[in-house]
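**Q** Dropping the structure in here first, questions after.
The values are calculated or read from the model by the stated rules, or taken from the named source; none is laboratory data. Only a predicted model underlies this, so the values are computations on that prediction, with no experimental measurement involved. Every residue, glycine among them, receives a Cβ derived from its backbone with ideal geometry; neighbour counts consider all protein chains shown.
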Amino acid sequence: MQPSFRPILGISTGDPAGIGPEVTAKALSKPELYSICRPLAVGDAGIMEQIIDLCDLHLRVNVVQSPADGRYEPGTLDVLSLDNVPLAEFRFNEVSGMCGSASYEYIAKVIELAMNGDIHGTVTGPIHKEALRMAGYPFAGHTEIYGHLTGTKDYAMMLADEGFRVVHVSTHVSLREAIDRTKQNRILRVIHLANDALKRMGITQPRIAVAGLNPHAGEHGLFGTEEIEEIEPAIVAARALGIDADGPHPPDTIFPKMKGGGYDIVVCMYHDQGHIPTKVLAFNYDHESGKWMGLSGVNITLGLPIIRVSVDHGVAFDKGGKNEANEESMVNAIQYAARFASATPVKTNHS
């Protein structure tokens, strides 16, 4: 791709009752993003108009029927509007099947556009799992929806905040099931996915640390045998393939080493092992004001046939429609998606 290439990114705006529409509009009010991509919001134009008025943003909505119709210029918020939320019935900060269904349809649309070659990548706003279930969609989250709609079974979740990155062997399952999923073949696959993703980001020789599952990485079998039986063989197999992977490392010490520059990513064995250190680093909560002062970091799904990057926070139903949402994570997500799309030599119908 040429340096001047600006990928078209479809942004599903998330659950309409939460902060997704707000962080999308605030992010797309920043002119600098238009120098790296052509962002297209997929949501409800009426709700986006409400957000623009509420937040006093200098934007005008341009409703489009297809990505080819977008203007993609600062000051214009291009919206592919599904018009699936009756505004007379809509309320911010309420869990509802109506909004759960709308959020699913936004996701399905950006996936369809990407799979059909109409856009170069996708970015997702936050959704609410209970609202999804109320609408009849039994998915644990975005990652599972993307796997289902793209027909992908072998994928992994990567979280990133600048140089701090983690990728997960398992995510939205119980801790008991996560232990059962700590298997050599899956660990090796995740190491592969991490290595490929970092190379696409311009890191020519990724340094990959693999965390243990048990305290002290098992302490040579004293606290568990998964390290010996499953994790170490996966690392040996990865190194035999030329991948710079090592471990298993004690989970309580490996993250400071990555933060200090020793590694480019940590392969984590389960959801909280990777999420907790990432959010401690990327999120900044002020107790006195009751506000999140910083919400950086993004969520990237590896192994899909299309690009998917997401904000790394929830719907924040206590803040929807109040002009209190922080758009930092959405800005980061758009930047990451543009970076991935620009490094991927794939043409769409509107390149």
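**Q** Suppose we filter Ala217, Ala211, Ala194 for residues that are crowded, with 21+ Cβ neighbours inside 10 Å and under 18 Å from Asp154 (Cα atoms); which single one remains?
**A** Ala194
**Q** Checking the conditions here, which among Val95, Val85, Val79, Val64 is among the β-branched types (Val, Ile, Thr), surrounded by 15 or more Cβ atoms within 10 Å (Cβ to Cβ) and touching a Lys or Arg at 6+ places or on another chain (Cβ under 9 Å)?
**A** Val64
**Q** Confirm whether Val331 is assigned to a strand (DSSP E or B), assigned by TED's automatic domain parsing to the domain that holds Phe92 and either within 18 Å of Ile127 (Cα to Cα) or among the basic types (Lys, Arg) (or both).
**A** no
**Q** Could you tell me which of the residues Ser12, Ser4 is at pLDDT 95 or above and polar (S, T, N, Q)?
**A** Ser12
**Q** Continuing with this model, one more query. Of (1) more than 17 Å from Gly14 (Cβ to Cβ); (2) at pLDDT 95 or above; (3) among the acidic types (Asp, Glu), Glu89 satisfies all except one. Which?
**A** Glu89 satisfies every listed condition except (2).
**Q** OK, next. Please find, within segment 115-141, the residue that is farthest from Pro67 (Cα to Cα) out of those that are buried (at least 24 other Cβ atoms within 10 Å of the Cβ) and in contact with a Lys or Arg (Cβ under 9 Å, 6 or more places away or on another chain).
**A** Thr124
**Q** On to the next question. Pull up segment 180-204, narrow it to residues that are touching an Asp or Glu at 6+ places or on another chain (Cβ under 7 Å) and at pLDDT 95 or above, then point me to the one that is farthest from Glu229 (Cα to Cα).
**A** Taking the candidates together, the pick is Arg189.
**Q** Within segment 55-93, work out how many residues are touching a Phe, Trp or Tyr at 6+ places or on another chain (Cβ under 7 Å) and more than 28 Å from Asp118 (Cα to Cα).
**A** Residues flagged as touching a Phe, Trp or Tyr at 6+ places or on another chain (Cβ under 7 Å) and more than 28 Å from Asp118 (Cα to Cα) within segment 55-93 amount to 1.
**Q** Scan segment 62-84 and report the pairs whose first residue is among the acidic types (Asp, Glu) and whose second residue is surrounded by fewer than 15 Cβ atoms within 10 Å (Cβ to Cβ) and outside any loop (DSSP other than H, G, I, E, B), with Cβ atoms within less than 8 Å and a gap of 6+ or a chain change.
**A** Asp78/Asp69
**Q** Residues of segment 13-59 being in contact with a Ser or Thr (Cβ under 6 Å, 6 or more places away or on another chain) and in a strand (DSSP E or B), which ones?
**A** Ala41, Val42, Gly43
**Q** Just one of Asp83, Asp78, Asp118 is under 22 Å from Ala337 (Cβ atoms) and assigned to a loop (DSSP other than H, G, I, E, B); which is it?
**A** Asp118
**Q** Here is a further query. What are the residue pairs meeting all of these: first residue in segment 9-37, first residue assigned by TED's automatic domain parsing to the domain that holds Val110, second residue part of a strand (DSSP E or B) and modelled with pLDDT under 95, Cβ atoms under 7 Å, and 6 or more apart or on different chains?
**A** Cβ pairs passing all conditions: Val23/Val311.
**Q** Could you tell me which of the residues Val210, Val266 is touching a Phe, Trp or Tyr at 6+ places or on another chain (Cβ under 7 Å), of a type in the set (A, V, I, L, M) and either touching a residue at least 24 places away in the same chain (Cβ under 8 Å) or closer than 26 Å to Ile307 by Cβ (or both)?
**A** Exactly one of Val210, Val266 is touching a Phe, Trp or Tyr at 6+ places or on another chain (Cβ under 7 Å), of a type in the set (A, V, I, L, M) and either touching a residue at least 24 places away in the same chain (Cβ under 8 Å) or closer than 26 Å to Ile307 by Cβ (or both), namely Val266.
**Q** Pick out the one residue from Lys199, Lys257 that is surrounded by fewer than 15 Cβ atoms within 10 Å (Cβ to Cβ), under 28 Å from the mean Cα position of the chain (by Cα) and either at positive phi or free of Cβ contacts under 8 Å to residues at least 24 places away in the same chain (or both).
**A** Just one listed residue meets the conditions, Lys199.
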